[in-house]
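Just below is one structure, and these are the notes that go with it.
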Amino acid sequence: MLLRLVPWESEQPQPLDANFGRVKSLSSSSRFAVATFLTGGNRESPEDHDLVSDDYFISTRILAYQLLHNPETRCNKSVDFVVLVTENVPELTRQQLRANGAIVVEAEPIPLSWWIKTGVTRWKDQFSKLRLFEMTQYERIIFLDADCLVRGKVDGLFDDVQVREAAPVLSTQQTRTDEAPLPAQYMFGARSDNHLTGARDHPFPPLNTNVFSAGFWVAAPSHELFSYFMSILKHYRRFDPHTMEQSMLNYAFRRGGPMPWREVHYRWSATWPNEQDAQGGVITLHEKFWSTGPRELRELWAQQRDAMEEYFGRGSS
């Protein structure tokens, strides 16, 4: 029997439509947002009870205070603060966030295949974050997890040339025909995950790696990108689901792929933050400071919590 060897079709470079999914150029009328994500945890319905004592809700309110009201860290007034919520977040919680200045948007659940799961029950809704890529009313969105402590003006990242300029998709790099068509352009930047370079003992300045943390990123929303993400989810173990949407995004924007992620400067974000990061002026520190982290940084978080409660009024917290 004669066997003919043919290249694997799904690994061949695919021609790109130069007009498909182009990123809109920035202008004086461009809109920007900083966004975070809040779930109702394991609550079956939004009527169960409110989230007043939930640490992530408290941290989300701290973000509202820092990004909208604290003179040392607040963004330009033209920048929206968006809180994406799951359907089981109580209405009372949503009202509280709106009163604090946030724009609250309910995320439609993302349908997932049976194999996409993890042992961390709170992560079950993490793929809903991808709905931010559908919010094309904004030219750029900075996403940061609710358990981030802000120590500077994060909207300065919108002025970074790597963020302002779109990148062409590399049609010569590995593509797969069983996935949705790639856009002609994209913009996605993030920071290397310090977990891979010593975790809490990582050096400063930190080292770059091939894996980014999905707890902080900046992107140009795109319906074409969103469709591409949804097509990835259809294929069994195209990515390791253990870290959920972080694994999927690292696959989509892999270094050796057609849309390699851009490494934003280390001063914008740190995972596994330590005292050196704080002393070095890193603007967002990603940690659950209500329960872990260096003592000095936990005290900083507690100070911001107290300042938030004083500003908004303890009676509403």
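The values are calculated or read from the model by the stated rules, or taken from the named source; none is laboratory data. The structure presented is a predicted model; accordingly, all values stated were derived computationally and were not measured. Methodologically, a virtual Cβ is constructed for each residue, glycine included, from the backbone with ideal geometry; neighbour enumeration extends over all protein chains shown.
Which one is farthest from LEU182 (Cα to Cα) among residues in the range 204-215 that are in a loop (DSSP other than H, G, I, E, B) and free of Cβ contacts under 8 Å to residues at least 60 places away in the same chain?
Only one residue fits best here, namely LEU207.
Being surrounded by 22 or more Cβ atoms within 10 Å (Cβ to Cβ) and not β-branched (Val, Ile, Thr), is that true of even one residue in the range 149-166?
Yes: the range 149-166 contains one or more residues that are surrounded by 22 or more Cβ atoms within 10 Å (Cβ to Cβ) and not β-branched (Val, Ile, Thr).
Which one of these is under 19 Å from THR243 (Cα atoms), assigned to a loop (DSSP other than H, G, I, E, B) and in contact with a Phe, Trp or Tyr (Cβ under 7 Å, 6 or more places away or on another chain): ALA146, ALA180?
Details: ALA180 fails: under 19 Å from THR243 (Cα atoms).
Going through ALA146, ALA180 in turn, just one is under 19 Å from THR243 (Cα atoms), assigned to a loop (DSSP other than H, G, I, E, B) and in contact with a Phe, Trp or Tyr (Cβ under 7 Å, 6 or more places away or on another chain): ALA146.
Any residue in the range 220-247 that is free of Cβ contacts under 8 Å to residues at least 24 places away in the same chain and hydroxyl-bearing (Ser, Thr, Tyr) sitting within a Cβ distance under 7 Å of a residue that is in a loop (DSSP other than H, G, I, E, B) and surrounded by fewer than 20 Cβ atoms within 10 Å (Cβ to Cβ)? List the pairs, counting only those 6 or more apart or interchain.
SER247/ASP240
Please work out if THR36 is modelled with pLDDT of 95 or more, of a type in the set (Val, Ile, Thr) and part of a loop (DSSP other than H, G, I, E, B). Break it down stepwise before answering.
Working: modelled with pLDDT of 95 or more: yes; of a type in the set (Val, Ile, Thr): yes; part of a loop (DSSP other than H, G, I, E, B): no.
Judged against the criteria, THR36 is not a match.
When you scan the range 183-202, how many residues do you find that are assigned to a loop (DSSP other than H, G, I, E, B) and either of a type in the set (Val, Ile, Thr) or on the phi < 0 side of the Ramachandran plot (or both)? Spell out how you get there, then give the answer.
Quick first cut of the range 183-202, residues assigned to a loop (DSSP other than H, G, I, E, B) only: 183-184, 187, 193, 198, 202.
Still in the running and either of a type in the set (Val, Ile, Thr) or on the phi < 0 side of the Ramachandran plot (or both): 183-184, 187, 193, 202.
So the answer is 5.
Take the conditions at pLDDT below 95 and over 24 Å from LYS234 (Cβ atoms) and apply them to THR172. Does it pass? Before you say what the answer is, go through the steps one by one.
On the way: at pLDDT below 95: yes; over 24 Å from LYS234 (Cβ atoms): yes.
Yes; evaluated as a whole, the condition is true for this residue.
For ASP48, all conditions in the list (1) modelled with pLDDT of 95 or more; (2) part of a loop (DSSP other than H, G, I, E, B); (3) more than 20 Å from ARG131 (Cβ to Cβ) hold save one; what is the number of the exception?
(1)
Restricting to the range 207-265, name every residue that is within 12 Å of ILE116 (Cβ to Cβ) and in contact with a strand residue (DSSP E or B) (Cβ under 7 Å, 6 or more places away or on another chain).
GLU245, the sole residue that qualifies.
Return yes or no: is PHE188 within 19 Å of MET259 (Cβ to Cβ), touching a Leu at 6+ places or on another chain (Cβ under 7 Å), among the aromatic types (Phe, Trp, Tyr) and modelled with pLDDT of 95 or more? Spell out how you get there, then give the answer.
Numbers: within 19 Å of MET259 (Cβ to Cβ): yes; touching a Leu at 6+ places or on another chain (Cβ under 7 Å): no; among the aromatic types (Phe, Trp, Tyr): yes; modelled with pLDDT of 95 or more: yes.
For PHE188, the condition - within 19 Å of MET259 (Cβ to Cβ), touching a Leu at 6+ places or on another chain (Cβ under 7 Å), among the aromatic types (Phe, Trp, Tyr) and modelled with pLDDT of 95 or more - is not met.
Show me the helices (runs of 4 or more DSSP H) found entirely inside the range 216-283 where at least 2 residues are surrounded by fewer than 17 Cβ atoms within 10 Å (Cβ to Cβ) and not acidic (Asp, Glu). Outline the logic, then answer.
Values: elements: 223-232, 245-252, 275-279.
The helices (runs of 4 or more DSSP H) meeting that bar are 223-232, 275-279.
If only one of SER171, SER192 is within 16 Å of PRO15 (Cβ to Cβ) and either small (Gly, Ala, Ser) or in contact with an Asp or Glu (Cβ under 7 Å, 6 or more places away or on another chain) (or both), which one is it? Don't jump to the end; show me each part of the working.
Working: SER192 fails: within 16 Å of PRO15 (Cβ to Cβ).
None of the others qualify; the one that does is SER171.
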